[in-house]
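Report on the following structure.
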């Protein structure tokens, strides 16, 4: 049986799997994507609650950061013909009751049952991204170092087939701040390898600008109250109000781009009715469209350096910085 025929059958079988249904708090809903032509394989941990609800892999803040790391947009990321997404556990495992919260580890049944069968049907994979300790333990075995940090720092040892990565969750922001070498050394190499793995044949009609945009520096988000990067040449505070309790000394070197923030009227309206997220996004984008001089310097800065957008909101998913980041990424691709 050909690969192109047998892989869809296997995916149907996986999506009907009920092996550990009794242990899953929200029931089984395997979330993955794969095709026989995939060039890149992403192996993460397990879907979170938001991904379980949508059925779309990496459909959350972690996924946004992972796409930034890779230097690709959502359209490329969700092109199953090019990128396969096969987590260690296919279903949401529920929340941990232990200290610190977070999700439970991936269910141990998935990988032994399905991974080898899936990988055998994806012969064109050139690059595998191992996101988190569970993927690294499974794929690297004894080659893995003593800790996730040591494994990621030794990323060159696993070339050319693998790149070990930390989990891109916002909860890991302190880790990123403690290890600036990750953004400085690993991410540029990761984007280069992703671009190489996805490269079309030499005679393909792809504009030079489109190829270049695949490796643009990342635009990341961070609460202003978290430890700031040592290199602040491309850190922008994108709130209209100065963050409460934060001294100017603590933000020395940070550029306050308050003119790119939502207008006072829009900010106050959204504060009164935060359920109107879609309408807030629409109105804010309209304000940005009419205020090119405010955001254009950020676009230019993001082409030369990784950009960090600082915000003060407690909501890490629905805030003005997330809208601005998506807006800037679209503008710099034009």
Point to revise | Residues satisfying the stated conditions in the range 288-318, i.e. free of Cβ contacts under 8 Å to residues at least 60 places away in the same chain and either buried (at least 19 other Cβ atoms within 10 Å of the Cβ) or part of a helix (DSSP H, G or I) (or both) | key: 288, 289, 292, 293, 294, 295, 296, 297, 299, 300
Review point. Within the range 114-133, restricting attention to residues that are in contact with a strand residue (DSSP E or B) (Cβ under 8 Å, 6 or more places away or on another chain) and in a loop (DSSP other than H, G, I, E, B), which residue is farthest from residue 159 (Cα to Cα)?
Key: 122
Exercise for review: Specify the residue that is nearest to the chain's Cα centre (by Cα); the eligible residues are those in the range 161-172 that are modelled with pLDDT of 90 or more and either surrounded by fewer than 20 Cβ atoms within 10 Å (Cβ to Cβ) or in a loop (DSSP other than H, G, I, E, B) (or both).
Suggested key: 168
Review point. Has the range 204-211 got any residue that is closer than 21 Å to residue 81 by Cα and either part of a helix (DSSP H, G or I) or modelled with pLDDT of 90 or more (or both)?
Key: yes
Practice item. Using the structure shown, decide if residue 275 is farther than 27 Å from residue 251 by Cα and assigned to a loop (DSSP other than H, G, I, E, B). Key: yes
Review point. Which one is surrounded by the most Cβ atoms within 10 Å (Cβ to Cβ) among residues in the range 256-268 that are in a helix (DSSP H, G or I) and in contact with a helix residue (DSSP H, G or I) (Cβ under 8 Å, 6 or more places away or on another chain)?
Key: 260
Review point. For the range 319-331, how many residues meet the condition of being crowded, with 18+ Cβ neighbours inside 10 Å and more than 20 Å from residue 258 (Cβ to Cβ)?
Key: 1
Practice item. For the range 108-116, indicate whether the set of residues that are closer than 24 Å to residue 186 by Cβ, in contact with a helix residue (DSSP H, G or I) (Cβ under 9 Å, 6 or more places away or on another chain) and either assigned by TED's automatic domain parsing to the domain that holds residue 163 or exposed (fewer than 15 other Cβ atoms within 10 Å of the Cβ) (or both) is non-empty. Key: no
Practice item. Any chance you could count how many residues in the range 73-83 are in contact with a helix residue (DSSP H, G or I) (Cβ under 8 Å, 6 or more places away or on another chain) and under 19 Å from residue 7 (Cβ atoms)? Key: 2
Review point. Among the residues of the range 265-274, is there at least one that is within 27 Å of residue 195 (Cα to Cα) and either touching a strand residue (DSSP E or B) at 6+ places or on another chain (Cβ under 6 Å) or at pLDDT below 90 (or both)?
Key: no
Study note, to complete from the structure: Screening 137, 67 for residues that are surrounded by fewer than 21 Cβ atoms within 10 Å (Cβ to Cβ), touching a helix residue (DSSP H, G or I) at 6+ places or on another chain (Cβ under 7 Å) and at pLDDT 90 or above leaves only 67
Exercise for review: Enumerate the pairs (first residue in the range 140-166 and more than 18 Å from residue 190 (Cα to Cα); second residue anywhere and assigned to a loop (DSSP other than H, G, I, E, B) and modelled with pLDDT of 95 or more) with beta-carbon separation below 9 Å, excluding pairs fewer than 6 apart on the same chain, so at least 6 apart or on different chains.
Suggested key: 145/154
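The values are calculated or read from the model by the stated rules, or taken from the named source; none is laboratory data. This is a predicted model, so every value here is computed, not measured. Counting neighbours? That spans all protein chains shown, and the Cβs are built from the backbone with ideal geometry, glycine included.
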